[in-house]
Structure formats: structure tokens, C-alpha cells
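The values are calculated or read from the model by the stated rules, or taken from the named source; none is laboratory data. From a predicted model like this one, the values you see are computed outputs, not experimental measurements. Don't worry about glycine lacking a Cβ; one is built from the backbone with ideal geometry, like all the others, and counts go over all protein chains shown.
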Amino acid sequence: MTPIEANIHRCRQGDVSSFGPLYEAFVRRVYDFVWYRTMDRQLAEDIVSDVFTKALAKVRLFAGATEGEFAAWIFSIARNAVTDQWRKKPQETVDVESVAAVLGHDEKFGEAEDRRRALKSALEWLGKLPRDQRDVVMMRVWDDLPYSQIAAVTGKSEDSCKQVVSRALRAIQANVPLTLIFALFLMAP
């Protein structure tokens, strides 16, 4: 049993003090997951806070035991929280300048401009995908989740998730210049 799995077990038994290490192990990944879907630092922080508050309140009901199952569960909560936010307030247009600033690029002006243009094109392309497909691609490319966890979060089969990513990559190759394809993958954290 890994240390994370031991903490999961203790939390399920009612030891909420064991939730702290779980929070530390997953907060950055969950924040990145939420931020890439909202592109708003304050909103992402608020949603992440809600995600972990809900997780803490329901951890005793969590049926899994492994780190992978816990990751899928926490990302499901995050995905639902983002969906709830979109229902309350439709997502506004993303300011590419602020995205580049948050990503922390230190290039010279020309290189930064090239990256901003590439990022804008990549975000525009992702915005054209249906939401469920965009989620799968983002979870695989930007969140670096394994297909098993993506399947658990989305309720799709692993094969279906692989197929979505494969089709999306083929569509990118057919419709987006090669430099933008690299930009899409290089901008992943």
C-alpha cells in the first residue's frame, strides 16, 4: 500500500487529518485541470477550494482504494464543478495575453509573440471541438491523465477515449500547421 493509499484508507475510516497529504498530492494537478478550463486564476482557486471541500465531506463515501481511483474521483468532482460554473455563467472569451503571462514565458518579444499566436490558434482549435471531446483531449494532453482515469472521469470506455484523442490528433494534423501542433503539446504543463 502506497502512502497515498494509506491516507485514503485512513480518511475512509474517519481520520480527516489524513486528508491533508491527499490535498497536497493532488491540489496542483486539480488546479491545472480547472485553470485550463476557466483561464481565470481567481475562479480556478475558488473552484479548487470547493472541489476539496466537497471531497473532504464525502471521502468516507469514496468506494475506491487506489491512488488511480482517488485521482479519477477527485477529477470527476473538479469536472462537475467546472460544468456547474459554466451553467451559472457562460465562459467568457479568453485573453491570450494573460494566458501567456500566467504560463510564465520569459522569451524575447518576438518569441513571446510567436508563442502567443500559437497559443491563440491552439485554443481556437480546441474551442471548435465538442465539449466532451475537448475534455478528453485536454485531460490527456494538458493534464497528462492516463486513459483509465480519463475513462473513469468521463464515464466513457478507455478505447473510446483513445479514439477521441486519435481522431482529434488526425484532425489537428489535417487542419493546423505543424508548428501549432507542437505548440499545443509544448504548452502543456
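Assorted remarks:
- Enumeration of residues in the range 69-87 that are at pLDDT below 90 and surrounded by fewer than 15 Cβ atoms within 10 Å (Cβ to Cβ): Thr83, Asp84, Trp86, Arg87
- Of all residues making up the range 1-30, the number that are surrounded by fewer than 20 Cβ atoms within 10 Å (Cβ to Cβ) and either under 24 Å from Val141 (Cβ atoms) or touching an Asp or Glu at 6+ places or on another chain (Cβ under 8 Å) (or both): 7
- Once the range 134-146 is narrowed to residues that are buried (at least 19 other Cβ atoms within 10 Å of the Cβ) and either charged (D, E, K, R) or free of Cβ contacts under 8 Å to residues at least 40 places away in the same chain (or both), the residue that is nearest to Arg87 (Cα to Cα) is Asp135.
- Sole exception among (1) touching a residue at least 40 places away in the same chain (Cβ under 8 Å); (2) surrounded by 15 or more Cβ atoms within 10 Å (Cβ to Cβ) for Arg41, by number: (2)
- Some residue of the range 122-130 being under 16 Å from Val82 (Cβ atoms) and among the small types (Gly, Ala, Ser): yes
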